[in-house]
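Nothing in this text is a laboratory measurement; each read-out follows from the coordinates by a stated rule. Predicted model only: the values in this text are computed from it and were never measured. All Cβ positions, even for glycine, are placed from backbone atoms using ideal geometry, and neighbour counts span all protein chains on display.
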């Protein structure tokens, strides 16, 4: 007798109010604390506006998209036990996980900045990510370096 099909765990998220972008909505949801979505929206939209003004770009969504493109990882390592030893095996990052890691690293980098308002932190992180600098981009580069250093173990991924 065949097993029951499981439901997909990926939630369908609608675009945000201002730009109708799913990725912006994910960022708002990740920034949100204690269910205060309007506060999170103000922080994210304000940060996007400030970053666009600083970069002298008309559309804040362009700044956001380019910044997130610069943070997105393409490779990561996963631990795998082979013959009594643990190896870090490089894997390609695709789809939902890529977006999730990007959002998590971005918010973690923004929260790590101290001494300024969250709106300014988001703006500064967007500015740095747009210019391929900052903590979130460094995290991506470190992940890629780790995957590159462990390329010798890539053949374990196929077994």
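So here's what we get for this one:
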{"read-out": "Highest average packing first - 124-134, 90-100, Cβ atoms within 10 Å", "value": "124-134, 90-100"}
{"read-out": "On Cα atoms only, tilt of 118-130 relative to the major axis of the chain in degrees", "value": "60"}
{"read-out": "Relative contact order (%) - segment 22-158, alpha-carbon pairs under 8 angstrom, separation at least six", "value": "31"}
{"read-out": "Rounded tilt (10° steps) of 134-149 against the dominant C-alpha axis of the chain", "value": "10"}
{"read-out": "The chain: angle of helix 95-112 to the longest principal axis, Cα-based, in degrees nearest 10", "value": "50"}
{"read-out": "Taking all pairs of distinct alpha-carbon atoms in segment 25-67, Kirkwood radius in angstrom", "value": "10.7"}
{"read-out": "Stretch gain in nm, segment residue 21-residue 144, where the contour uses 0.36 nm per residue and the Cα spacing is subtracted", "value": "41.6 nm"}
{"read-out": "Cα pair distances exceeding 29 angstrom across the chain, given as percent", "value": "30"}
{"read-out": "Most mobile of 86, 20, 59 in a GNM of the chain (Cα contacts under 10 Å)", "value": "86"}
{"read-out": "Cα centroid separation - segment 103-159 against segment 21-99, whole Å", "value": "9"}
{"read-out": "Least to most buried among 113, 140 (fewest other Cβ within 10 Å first)", "value": "113, 140"}
{"read-out": "Mean ellipticity per residue at 222 nm, deg cm²/dmol - from DSSP H runs of n ≥ 4 across the chain, formula -39500 (n - 2.57)", "value": "-18000 deg cm²/dmol"}
{"read-out": "Shape metrics for segment 1-88, restricted to C-alpha atoms - Rg then Dmax, Å", "value": "19.2, 63"}
